[in-house]
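Read-outs: derived from the displayed coordinates by stated rules, not from any lab. The model shown is predicted, which means the values in this text are computed figures rather than measured ones. Methodologically, a virtual Cβ is constructed for each residue, glycine included, from the backbone with ideal geometry; neighbour enumeration extends over all protein chains shown.
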Ligand SMILES: NC(=O)c1ccc[n+]([C@@H]2O[C@H](COP(=O)([O-])OP(=O)(O)OC[C@H]3O[C@@H](n4cnc5c(N)ncnc54)[C@H](O)[C@@H]3O)[C@@H](O)[C@H]2O)c1
């Protein structure tokens, strides 16, 4: 998609982290914005910030795991701006628990938000974007959409699903020569509020207890890694540039693709699941 000025973007999970980074990047390129999120305080702050900088912006409290709320989001977008050009299905949650101990409500919650959210988004918004005649559909997966590490079963399942969803969409759009393009964002560690939001929004609230200390250690390791991660505003620019340049795969840490290559090599060589380190070390 070449032009951004006066085009309309909808970003779910747009009040914080990567979603807010995308919203800021789109605002800098002259787009009008619709932000959807469950965190009311963060949503109000994000809308105020973008409006103060001169970007026409509306915010809508939305649970992406509910079809009727995505439908209402689309109606609001059309009634406010008359069209929609870009959808970023980005809202997501994740909590470390082993597959043995993860409660079924947690499996369902994570898959509902992380996978059904993007499915509802694509299903409801794509016809509107095609009606606008130019645009792009994007969804946030993760490197966990390409490699399945321990303790993140529901997240891995959902994020692999998001990669499949967007790859299918992209092939189908190309096959029917649609002017609409598609991409998938697969971030490595980004410094955001995902751990806090996930604990806050988990059904019943709080951290899972099943794995005892192991879950606590994993969560602490993940948090430490995220805090060293890429600033989310940088991710926003990567996404905007990928949409402009018509790139399907958006990797924030391309070095991590080596882990995917290792997995394919193990598949071809001996059909074991590779025990090669999934995340290659930085060259010193
Ligand atoms: N932070 C990372 O390192 C990282 C890495 C890979 C992928 N991701 C993915 O990036 C996306 C954005 O996460 P983030 O890291 O910016 O975290 P974040 O918590 O800062 O932002 C996510 C936003 O989604 C919102 N949200 C959560 N559940 C929702 C729901 N049901 N409906 C609507 N909004 C909801 C939250 O309120 C929050 O504002 C997620 O899909 C996440 O899985 C993050």
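With a Förster radius of 30 Å applied to the beta-carbon distance between residue 200 and residue 247, the computed FRET efficiency rounds to 0.35. Per the Debye formula on identical point scatterers at the alpha carbon atoms of the range 8-252, with no solvent, log10 I(q)/I(0) at q = 0.08, 0.18 Å⁻¹ is -0.27, -1.42.
Taking 0.36 nm per residue of separation and subtracting the Cα-Cα distance, full extension of the segment from residue 61 to residue 172 would add 36.8 nm. Dividing the mean sequence gap of close Cα pairs (under 8 Å, 6+ apart) by how many residues the range 1-153 holds gives a relative contact order of 24 percent. For helix 232-245, report the angle its Cα long axis makes with the longest principal axis of the Cα atoms of the chain; keep it between 0 and 90° and round to the nearest 10°. The angle comes out at about 60 degrees.
A helix-only calculation puts the chain at -15500 deg cm²/dmol for mean residue ellipticity at 222 nm, using -39500 (n - 2.57) for each DSSP H run of at least four residues, averaged over all residues. When both bridge partners sit in the chain, DSSP labels roughly 0% of those beta bridges antiparallel. Helix 17-28 and the longest principal axis of the Cα set of the chain meet at an angle near 30°.
Shown is the FRET efficiency for residue 68 and residue 99, computed with R0 = 30 Å from the Cβ-Cβ distance and rounded to the nearest 0.05: 0.45. With contacts taken as Cα pairs under 8 Å at a separation of at least 6 residues, the range 139-270 carries a relative contact order of 28 percent.
Sorting 201-210, 240-249, 28-37 by average packing, meaning the other beta carbons within 10 Å per residue, from highest down gives 28-37, 240-249, 201-210. Gap in Å between the Cα centre of the range 160-202 and the Cα centre of the range 240-264? For the range 240-264 versus the range 160-202, the Cα centre distance is 12 Å. Please build a GNM for the chain, connecting alpha carbons under 10 Å apart, and tell me which residue among 216, 17, 135 fluctuates the most. Residue with maximal mean-square fluctuation among 216, 17, 135: 216.
Note on the range 58-101 and the range 37-51: Cα centroid distance 14 Å, given to the nearest whole angstrom.
Remark: relative contact order (the chain) = 20 percent; criterion is Cα-Cα distance under 8 angstrom and separation of 6 or more residues. The modelled label-to-label distance between residue 131 and residue 51, using points 7 Å beyond Cα along the C-beta direction, is 2.6 nm.
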